[in-house]
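One structure below.
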Ligand SMILES: [Zn+2]
């Protein structure tokens, strides 16, 4: 049995968000009461919306991600902002209110590494945070570092230096790359340019 007058996905989404007028809401409710098919579609829409929220929440973590996570976020309609400074180079960066993910694509030759650390430093090279033993593939051309998006949105203009450090089979440290991020705050608030 197929519903002769299916409720549109937009109406179902608005129904779930309680964004319909009272008359529309009542009509939708009456239809859903009698129609299992539209009820099943409503459940799908709710599940999709929850998946989008779950993926969006992942943007608040400071972590190493991969291209398939970013592709999934983009498929969900989320906005991924990405910077790819060359090893030893610098990039001008910012973050806007619309961004859901903030990614640094750190190109490096990982082939000889047994373990890789990311060292987050201030502009003088003083480490303030280290992500030890991050996940990586020796054949991958880059590490994708995700900065916490709420943290980045609250950040004043600053200069971040990221060092990628590899440990070889004899536990010796090697600097794989240095990447400079000249962050300009574009959101209003403390630390924004005058
Ligand atoms: Zn129906």
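The values are calculated or read from the model by the stated rules, or taken from the named source; none is laboratory data. Worth saying up front: this structure is predicted, and the values here are computed from it rather than measured. FYI the Cβ positions are ideal-geometry reconstructions off the backbone, even for glycines, and counts take in every protein chain you see.
Please verify whether residue 90 is modelled with pLDDT of 95 or more and surrounded by fewer than 17 Cβ atoms within 10 Å (Cβ to Cβ), treating the condition exactly as stated.
yes
Within segment 1-38, track down each residue that is near the ligand (Cβ under 8 Å from one of its atoms) and in contact with a helix residue (DSSP H, G or I) (Cβ under 7 Å, 6 or more places away or on another chain).
Answer for segment 1-38, where residues must be near the ligand (Cβ under 8 Å from one of its atoms) and in contact with a helix residue (DSSP H, G or I) (Cβ under 7 Å, 6 or more places away or on another chain): 3, 6, 7, 31, 32, 38.
If residue 163 meets every condition in (1) over 24 Å from residue 109 (Cα atoms); (2) touching a residue at least 40 places away in the same chain (Cβ under 8 Å) apart from one, which number is that one?
That leaves (1) as the condition not met.
When you scan segment 45-58, do you find a residue that is within 13 Å of the ligand (Cβ to nearest atom) and outside the structural domain of residue 150 (by TED's automatic domain parsing), even just one? Let's see the steps before the verdict.
Going through segment 45-58, the residues within 13 Å of the ligand (Cβ to nearest atom) turn out to be none.
Taking every residue of segment 45-58 in turn, none turns out to be within 13 Å of the ligand (Cβ to nearest atom) and outside the structural domain of residue 150 (by TED's automatic domain parsing).
State yes or no: is residue 152 more than 21 Å from the chain's Cα centre (by Cα) and touching a residue at least 24 places away in the same chain (Cβ under 8 Å)?
no
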